[in-house]
Amino acid sequence: MDMLKKLSHSSLALPLAALALLLLFNALFVDDFFKIEVMENGNLYGRPIDILYRASSLIILALGMTFVIATGGVDISVGAVCAISAASCCVMLGGDISGIPEHPFVLAILCGIGAGVLAGIWNGTLVAKFKIQAMVATLILLTAGRGIAQLLTDGQIITVYYKPFSYIGGNIPGIPLPTALLIALCMVSLVIWLDRKTSLGLMIQSVGINQTASKYAGINVTLVLFCVYIFSGFCAGTAGLIEGSFIRAADANNCGLNMEMDAILAVTLGGTLMIGGKYYIGGTIIGAITIQTLTTTMYAVGVSSDRLPAVKAVVILLIIVIQSEKFKQMYRNYRLKQGSSAAKEAEHA
Amino acid sequence: MKLVKTLVAASIAAVLAASVSTAMAKDLTIGFSQIGAESEWRTANTNDVKAAAQRHNINLKFSDAQQKQENQIKAIRTFIAQKVDLIGFVPIVATGWDNILREAKRAKIPVLIMDRDLSVSDDSLYVAKIGTDSYTEGKKVFNWLDNYVEKNNLKPRDGGDKLNIVILEGTVGSSAATGRAHGFDDALKASEHKDRYNILASQTGDFTRQKGQEVMESFIKSYRDKIDILFAHNDDMALGAIQSIEAAGLKPAKDIVIVSVDGVKGIFQAMIDGKANATVECNPLQGELFFETAKKILKGEKVPKSVFVEEGVFTSDKAAEVFPTRKY
């Protein structure tokens, strides 16, 4: 019941409507869009599954981004951090053709996530401790991140032949759902648990609305900010592993390219405002799925991938304008006018 | 204090003398500006230029532009000031070279372009271009394909009368993508078997693995059992596509014939594993030809405006044999 109430909340209604519209378009114009097959090895296969599992790394990134944006900040380094994480994991595993990893798999995964957390600590220190504007502070890793990843990989694309590495972006044998989707589900549950069962959510919102007031209310603002950026780094590290595993390689130039923008979009589509304060986890998830649905739709109708950003921009522009306070007010005024003229007409009659 | 100064002066003199004596020992001085090190392919290209310079006993002044045109222009200007015998460079972009090349011409230093194309108002600003020929690469892809189809008597999987081809294009507007596409199309149109093929879909995958994978995924969803052949404009996209094909439960190189361009190590491994059929080489080992041509120019011999390196076609049955000799 509680969930239902939250779904019908006005800020969720819009992203849901956008997603529904996209899906309707697909149902009408793309053959077999909703067809899901069960393959011989038991894996599920079809465009809806594609959307969900390709969206999973974006969902994870956007979760971290939601908290960051709720504090009134932004983390534009996440795409580059993805590249660092994928690079460190692949370097640890090594590109040996026989498929024997240089270091244990668990260690490599920890290394990838650890790289993300380290990046988060760096960002957090700059923003929370040295009070540098979030955009500027994270800009440093945005520009340096790919360079670091290049250094790690020696400027080469390291292909990993170790089989289990491909399970992260594919399926673990015997489990029909893509692993990336399961990881995303775990992260979502974790975040919802944190949001509901701890006072962290309240603290984040409070910091986002007014830092000074929060301080006087006894909230450790520095610590909250610090944690938020570390969590974003952790999310980026996890997403990086998934992105790397999709192609079973570390491509420092292209891994997670422009994903920071998609993550910010997902958050704003979900109804969270860039000025901070109230946030909507559900909205973020739907936002991320909407963006991926849009991408998959474009591929399905044959729009080439270099023109995709233009189409994306138009759709997003529409959604954002509709969501804006000013537009809502204009709409209300219009309704009022209509109402009053209708009333007048009724009078005349 | 005085002692320090004398020591510094002496050491500078010694270094200078040493550099002069090594310069004297070499025949020619050639300035070379490389783009940077963006890929394995480029690294192989750089290493080959350096190795070939040593073989030819050339005093090579090598400069890395780190992906910036202004750095290349600066480097070329330095080469002119140093009065090198010849200037070579890999133009990072096609335009904006007129002024600096005019300066070189005024200083009477011949310019030799390597690997990439450039457009200048006056063709005489550079002597010749060494490089790969993406148009011919595209042609070779089709010719190999047609041969393969003929030899193996390949039949359309959907039982129709035409073999369906899907194409993963490179970055839109890049010379490599345009050349390869034209070469392939022209060879297809000129072929006596042109009615045998049908291009089902063609989309860009931006030369990257991830995009190649995503676009192929979409092709398979739309056409699945119709696709007989995949032509990828580079190996990386083919490698991404192979994963989509496998994820869809199809067999790469068996259900769908896969041919791509470049010849990187990854595709050789895929061919050894039986997951790709052939790759047309895009050869980065251009150093030898570069210095040979440079020597000819300096001797006053005439050279053609475009000099192309040799490029082979490698197939899966030879992959294991060739693999150990690959340098990139």
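The values are calculated or read from the model by the stated rules, or taken from the named source; none is laboratory data. This is a predicted model, so every value here is computed, not measured. Note: ideal-geometry Cβ built from the backbone for every residue, glycine included; neighbour counts use all protein chains shown.
In segment A:113-154, what residues are more than 14 Å from chain B (Cβ to nearest Cβ), without any contact (Cβ under 8 Å) to a residue 40 or more places away in the chain, over 21 Å from the mean Cα position of the chain (by Cα) and part of a helix (DSSP H, G or I)?
Across segment A:113-154, the qualifying residue is only A:Leu126.
Of the residues A:Ile84, A:Ile100, only one is part of a loop (DSSP other than H, G, I, E, B) and in contact (Cβ under 8 Å) with a residue 60 or more places away in the chain; which? Can you show your working first?
Numbers: A:Ile84 fails: part of a loop (DSSP other than H, G, I, E, B).
Exactly one residue qualifies, and that residue is A:Ile100.
Mind checking which residues of segment A:162-200 are closer than 30 Å to A:Val224 by Cα and outside any helix (DSSP H, G or I)? First the steps, then the outcome.
Within segment A:162-200, the subset closer than 30 Å to A:Val224 by Cα is A:180-200.
Within segment A:162-200, A:Thr198, A:Ser199 meet the criteria.
Residue-by-condition table, conditions (1) within 14 Å of another protein chain (Cβ to nearest Cβ); (2) surrounded by fewer than 12 Cβ atoms within 10 Å (Cβ to Cβ); (3) acidic (Asp, Glu):
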{"site": "A:Leu265", "(1), (2), (3)": "no, no, no"}
{"site": "A:Thr295", "(1), (2), (3)": "yes, no, no"}
{"site": "A:Leu308", "(1), (2), (3)": "yes, no, no"}
{"site": "A:Lys326", "(1), (2), (3)": "no, yes, no"}
{"site": "A:Glu345", "(1), (2), (3)": "no, yes, yes"}
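Check every one of the helices (runs of 4 or more DSSP H) wholly within segment B:1-117 and list those with 2 or more residues that are modelled with pLDDT of 90 or more. Write out each step before concluding.
Details: elements: B:2-25, B:40-55, B:69-81, B:98-106.
It comes to B:40-55, B:69-81, B:98-106.
Quick one: B:Val120 ticks every box in (1) farther than 24 Å from B:Ala81 by Cβ; (2) assigned to a loop (DSSP other than H, G, I, E, B); (3) touching a residue at least 12 places away in the same chain (Cβ under 8 Å) bar one, so which box is it?
Among (1) farther than 24 Å from B:Ala81 by Cβ; (2) assigned to a loop (DSSP other than H, G, I, E, B); (3) touching a residue at least 12 places away in the same chain (Cβ under 8 Å), B:Val120 violates only (1).
Would you check if there is a residue in segment A:71-90 being buried (at least 24 other Cβ atoms within 10 Å of the Cβ), of a type in the set (Ser, Thr, Tyr) and within 14 Å of chain B (Cβ to nearest Cβ)?
Checking segment A:71-90: not a single residue is buried (at least 24 other Cβ atoms within 10 Å of the Cβ), of a type in the set (Ser, Thr, Tyr) and within 14 Å of chain B (Cβ to nearest Cβ).
Determine if segment B:266-273 includes at least one residue that is surrounded by fewer than 24 Cβ atoms within 10 Å (Cβ to Cβ) and outside any helix (DSSP H, G or I).
So far as segment B:266-273 goes, yes, one or more of its residues are surrounded by fewer than 24 Cβ atoms within 10 Å (Cβ to Cβ) and outside any helix (DSSP H, G or I).
Residues that are away from chain A (no Cβ under 14 Å) and either among the hydrophobic types (A, V, I, L, M, F, W, C) or surrounded by fewer than 17 Cβ atoms within 10 Å (Cβ to Cβ) (or both): which helices (runs of 4 or more DSSP H) entirely in segment B:138-251 hold 2 or more of them?
B:175-190
Within the group A:Ser245, A:Ser304, which residue is within 14 Å of chain B (Cβ to nearest Cβ), closer than 25 Å to B:Glu246 by Cα and free of Cβ contacts under 8 Å to residues at least 40 places away in the same chain?
Values: A:Ser245 fails: free of Cβ contacts under 8 Å to residues at least 40 places away in the same chain.
Within the list A:Ser245, A:Ser304, the selection yields A:Ser304.
For the list (1) in contact with a helix residue (DSSP H, G or I) (Cβ under 7 Å, 6 or more places away or on another chain); (2) without any contact (Cβ under 8 Å) to a residue 60 or more places away in the chain; (3) within 13 Å of A:Gly277 (Cα to Cα), I need the number of the one condition that A:Lys215 fails.
(3)
Can we say A:Thr290 is in contact with a Lys or Arg (Cβ under 7 Å, 6 or more places away or on another chain), closer than 24 Å to B:Gly212 by Cα and modelled with pLDDT of 85 or more? Steps first, please.
Numbers: in contact with a Lys or Arg (Cβ under 7 Å, 6 or more places away or on another chain): no; closer than 24 Å to B:Gly212 by Cα: yes; modelled with pLDDT of 85 or more: yes.
Against the criterion (in contact with a Lys or Arg (Cβ under 7 Å, 6 or more places away or on another chain), closer than 24 Å to B:Gly212 by Cα and modelled with pLDDT of 85 or more), A:Thr290 does not qualify.
Which of the following residues is at pLDDT below 95 and of a type in the set (Ser, Thr, Tyr): A:Thr222, A:Thr268, A:Thr238? Working first, answer last.
Working: A:Thr222 fails: at pLDDT below 95; A:Thr238 fails: at pLDDT below 95.
Selected residue: A:Thr268, the only one of A:Thr222, A:Thr268, A:Thr238 that is at pLDDT below 95 and of a type in the set (Ser, Thr, Tyr).
Starting from segment A:307-330, keep only residues that are closer than 14 Å to A:Gly271 by Cα and modelled with pLDDT under 85, then list their pairs with residues that are of a type in the set (Val, Ile, Thr) and part of a helix (DSSP H, G or I) whose Cβ atoms are within a distance under 7 Å, requiring at least 6 positions of separation or different chains.
A:Ile320/A:Thr268
Condition check: within 14 Å of chain B (Cβ to nearest Cβ) and not aliphatic (A, V, I, L, M). Does A:Asn254 satisfy that? Write out each step before concluding.
On the way: within 14 Å of chain B (Cβ to nearest Cβ): yes; not aliphatic (A, V, I, L, M): yes.
Yes.
Among the numbered conditions (1) within 17 Å of A:Ala18 (Cα to Cα); (2) touching an Asp or Glu at 6+ places or on another chain (Cβ under 9 Å); (3) free of Cβ contacts under 8 Å to residues at least 60 places away in the same chain, tell me where A:Ala288 comes up short.
Condition not satisfied by A:Ala288: (3).
Determine which single condition A:Ile320 fails, assuming it passes every other condition in (1) under 23 Å from A:Arg47 (Cβ atoms); (2) in contact with a Ser or Thr (Cβ under 8 Å, 6 or more places away or on another chain).
Failing condition for A:Ile320: (1).
I need the full set of residues from segment A:87-97 which are assigned to a helix (DSSP H, G or I), in contact with a strand residue (DSSP E or B) (Cβ under 9 Å, 6 or more places away or on another chain) and aliphatic (A, V, I, L, M), in order please. Show your work before the answer.
At the first step, the residues of segment A:87-97 found to be assigned to a helix (DSSP H, G or I) are A:87-93.
With the extra rule that they be in contact with a strand residue (DSSP E or B) (Cβ under 9 Å, 6 or more places away or on another chain), the set shrinks to A:87-91, A:93.
Scanning segment A:87-97 gives A:Ala87, A:Val91, A:Leu93.
With the requirement that a residue be within 14 Å of chain B (Cβ to nearest Cβ), loosely packed, with under 15 Cβ neighbours inside 10 Å and at positive phi, what does segment A:155-189 give you?
Passing the criteria: none in range.
Quick check on my filter: what residues within segment A:14-47 are assigned to a helix (DSSP H, G or I), in contact with a Leu (Cβ under 8 Å, 6 or more places away or on another chain) and at pLDDT below 85?
As a first pass, look at segment A:14-47 and keep what is assigned to a helix (DSSP H, G or I): A:14-29, A:47.
Within this subset, residues satisfying the condition of being in contact with a Leu (Cβ under 8 Å, 6 or more places away or on another chain) are A:15-16, A:18, A:22.
Those that are assigned to a helix (DSSP H, G or I), in contact with a Leu (Cβ under 8 Å, 6 or more places away or on another chain) and at pLDDT below 85: A:Pro15, A:Ala18.
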